[in-house]
Amino acid sequence: MIKMAKKTHALDPAILEEIKQIKTIKQIIEYGTKKSGDNLQYIFLDEEKNEHTRTFNQTWDESTAIGTYFYTKGMDGGKKIAIIAENSYNWITAYYGTIIGGNISVPMDMKLADDELISQLVRCGCEALVYNKKTAHLVPKVKEAEGIAVKEYFCIEEFDELKNIGREAIKNGDTRCIDAVVKPDDLACIVYTSGTTGLSKGVMLSHYNVASDVCACFQVNTGSHALGFLPLNHTFCWVSALFAGYIVGEWGYMCHDLTKLASDIKKYHPQNFSSVPLVVNTIYDRIWKTARKTGREDALKKGLKISNTLMKLGIDKRRKIFKTVIDNLGGELEFIICGGANLDPKYEQGMTDLGIEILNGYGMTECSPTITFNTLDCKKLGSVGKPIPCCEVKINNPDENGVGEIYVKGSNVMQGYWNDPEATAAVFDGEWLKTGDHGYIDKDGFLFYVGRVKNLIILSNGKNVSPEEIEDKLICIDYVQEVLCYKENDKITAEFFLNEEDYPDARKMLKDDVAKINETLPQFKKVQKRKIRDEEFPKTTTLKIVRSGFGDKC
């Protein structure tokens, strides 16, 4: 692979001024294509594991070709086109082609049950469906479903043929897709929430919602070549996987198989990637596990001691001292953007000490999605960073410790929930979006996430306890891999999944280690009951632990 020069932490001022003028997703795509043209944009593998590349111009050609084909089938602006398929380059061209033509993209989670996906298609009134062979079984069910509005079905495996038809139409003068006028307030995407409490809701994001969020992120931090592996239907990875390349003019490799993530990182040398905490935890634990197996654990600990001493003196030699570790992560990895769930500060500090910066952030689909994040130039351990320039954050009704519900307002905040005015009204307090999360803002303006309002444990004595606050402490126990706290018979119960492979005495040690943590907690927050499970907790498709079904209230 071509070695890329290190980037500064901020974009060139001239580029910053250019992106501030961008108001739509289509403008982002046009801007990046014009600027980067024949430069490499994507690397990906086909079904036979053969490597392919695409330049910005090639992606534009294929996206407008498929978008034009959509037009020939009646998807001629303002039509809702769902995508139910696994990550692929053609997933991306389907998304871009939809957006360029002024249609509305409805990316869905292919891991959901068929009934839920069909329910979303019906409630959203989608007129077309993009699928692939792994979701093809859904097509006959959709066609038979009551209330379905889907008229056209596009198979990703047939895209080469469909794109050729689109190219021919363009050649014959059909430029309706390319010339489609897209306005900032036009609806760009409908993205369904997880639906953990009742029916999932369709979040309506305008072109300006998404564009302002993307451009605001790059006003405070930038990057270089990246690697993407998060599901494209989730907004968290949109900034990095779908739009970052257009702003910074860099390429990205699309990882199709999470089991190959470690080898892909080593092969494609990313400068950065976006991740959920579980992946960061796994990488860090693997570093130490490898060190123990190879007899280098003491050397790694000695290196940390030396490095941390030098850091206190303002001397940063981390990437030299831990070159072996960094080489095993591709040799060029500088930072990981982490979000989607709460990150244990132990892993954040641990990776940072080894020379890989962890930029923890906070967001939600309703905010396109980024609200706050730490940057290379402005970060604080344990926090989720400061608000990005396009939005404001405040704490509503804070308690004596400054903790209250996180409120957000700004150009990145959604238009509302599709066909659900009651749910929309319930989530807004005037201009402010009620996130449903608890947190506090410190004196330096950094936001600290505490937990979900709906997860609060309400004890019979009237005390409210955030389970995430206790979990953050318990997860710091070396052999604790996962932990969930909940109320059971009015007692705070902690359920653990332990690393008994590396720590055979973990079960014996747990009682004393939990007791030590209890000493640091107020009486009403102490863990009163412990449980140990033999397998990992069930998780959502975004790798968050599913809390429902545990205890009296989760």
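Of the accessible area of region 211-284, with the probe set at 1.4 angstrom, what percent is carbon plus sulfur? All intermediate terms of the calculation are to be shown ahead of the outcome.
Details: 1160 of 1880 Å².
Its accessible area is 62 percent carbon and sulfur atoms.
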| query | Can you give the extra length, in nm with one decimal, that the chain gains between D534 and Q219 once fully stretched, where that is 0.36 nm per residue apart less the Cα-Cα distance? | reply | 108.8 nm
| message | Tell me the accessible surface of D502 in square angstrom (1.4 angstrom probe, heavy atoms of protein chains only), to the nearest ten. | response | 50
| Too long at a 22 Å Cα-Cα cut-off: which of K289/K525; K386/K434; K289/K323; K111/K183; K134/K267? | K289/K525; K111/K183; K134/K267
| remark: Sorted by chain and then number, the residues having a modelled amide H within less than 5 Å of the amide H of G436, at least 5 places away or on another chain, are I406
| D114 versus T541: modelled label distance in nm, points set 7 Å from Cα along the beta carbon direction | 1.6
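Counting Lys +1, Arg +1, Asp -1, Glu -1, what net charge surrounds H225 among other residues with beta carbon under 9 Å of its beta carbon?
Working: positive: none; negative: E250, E332.
Taking every Cβ under 9 Å from that of H225, the sum is -2.
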| request: Decide, for the chain, between rounded, prolate and oblate: order the square roots of the alpha carbon gyration tensor eigenvalues as a ≥ b ≥ c, take rounded if a/c falls under 1.5, and otherwise choose prolate if a/b is larger than b/c, else oblate. | output: prolate
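What pairs in K379/K443; K49/K143; K394/K443 have C-alpha atoms more than 21 Å from each other? Don't jump to the answer; show the numbers that get you there.
Working: K379/K443 14 Å; K49/K143 33 Å; K394/K443 13 Å.
The pairs that break the limit, which is 21 Å between Cα atoms, are K49/K143.
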| said: If I take every Cα pair under 8 Å that is 6 or more residues apart in the chain, average their sequence separation and divide by the length, what percent do I get for the relative contact order? | reply: 11
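For every helix of n ≥ 4 consecutive DSSP H residues, a contribution of -39,500 (n - 2.57) applies; sum these over the chain, divide by its total residues, and give [θ] at 222 nm rounded to the nearest 500 deg cm²/dmol.
Numbers: 19 runs with 189 residues, N = 554.
After summing the helix terms and dividing by the residues of the chain, the value is -10000 deg cm²/dmol.
Assuming R0 = 22 Å, what is the FRET efficiency of N308 and D285, from their Cβ-Cβ distance, to the nearest 0.05?
On the way: r = 20 Å, r/R0 = 0.91.
About 0.65, to the nearest 0.05.
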| request: Can you figure out the FRET efficiency of S460 with K346, using R₀ = 35 Å and their beta-carbon distance, to the nearest 0.05? | output: 0.60
| said: Placing +1 on the Cβ of each Lys and Arg and -1 on the Cβ of each Asp and Glu in region 271-377, which of Y284, T324, F335 has its Cα farthest towards the positive end of the resulting dipole? | reply: T324
| message | Charges at C-beta only: +1 for Lys and Arg, -1 for Asp and Glu. How large is the resulting dipole of the chain about its Cα centre, in Debye rounded to 20? | response | 1380
| message | Going Cα to Cα from K79, which aspartates and glutamates come in below 13 Å? Please leave out same-chain ones fewer than 8 positions away. | response | E127, E152, D186
| remark: A student applying the Cα gyration tensor rule (rounded when a/c is under 1.5; otherwise prolate if a/b is larger than b/c, oblate if not) would label region 1-148 prolate
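Counting only GluC sites (Glu not before Pro) that are in a DSSP loop and have at most 14 other C-beta atoms within 10 Å, tell me the longest site-free stretch of the chain.
By the stated rule (loop sites, at most 14 other Cβ atoms within 10 Å), 147-399.
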| query | Given a 1.4 Å probe, how much area per residue of the chain is accessible, in Å²? | reply | 44
| Helix 506-518 vs. the chain, principal-axis angle (Cα, 0 to 90°, nearest 10) | 80
| remark: Per DSSP loop assignment and a cutoff of at most 10 other beta carbons within 10 Å, the chain keeps its longest run without exposed trypsin sites (Lys or Arg not before Pro) at 50-442
| request: Run the accessible area of region 395-554 with a 1.4 Å probe and give the carbon-and-sulfur part as a rounded percent. | output: 45
| request: Name the residues whose placed amide hydrogens come within less than 5 Å of the amide hydrogen of I337, ignoring near sequence neighbours (fewer than 5 apart) on the same chain. | output: F273, S274, S275, L359
| Spin-label proximity, K134 to region 17-47 - amide N less than 19 Å from point 7 Å beyond Cα toward beta carbon | 43-47
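When a/c reaches 1.5 or more, the comparison of a/b and b/c decides; with that in mind, is region 134-280 rounded, prolate or oblate per its Cα gyration tensor? Write out the running numbers ahead of the final one.
Numbers: a/c = 1.39, a/b = 1.26, b/c = 1.10.
Rounded, since a/c falls under 1.5.
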| Calculated FRET value between F524 and N39, using beta carbons and R₀ = 51 Å, to 0.05 | 0.30
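The values are calculated or read from the model by the stated rules, or taken from the named source; none is laboratory data. Bear in mind that the values here come from a model prediction, so they are computed numbers and not experimental data. Neighbour counts are summed over all protein chains in view; Cβ atoms, including those assigned to glycine, are modelled from backbone coordinates with ideal geometry. We work out accessible area using only protein heavy atoms, side chains counted, and drop any ligands, DNA or RNA first. Shrake-Rupley method; radii C 1.70, N 1.55, O 1.52, S 1.80 Å.
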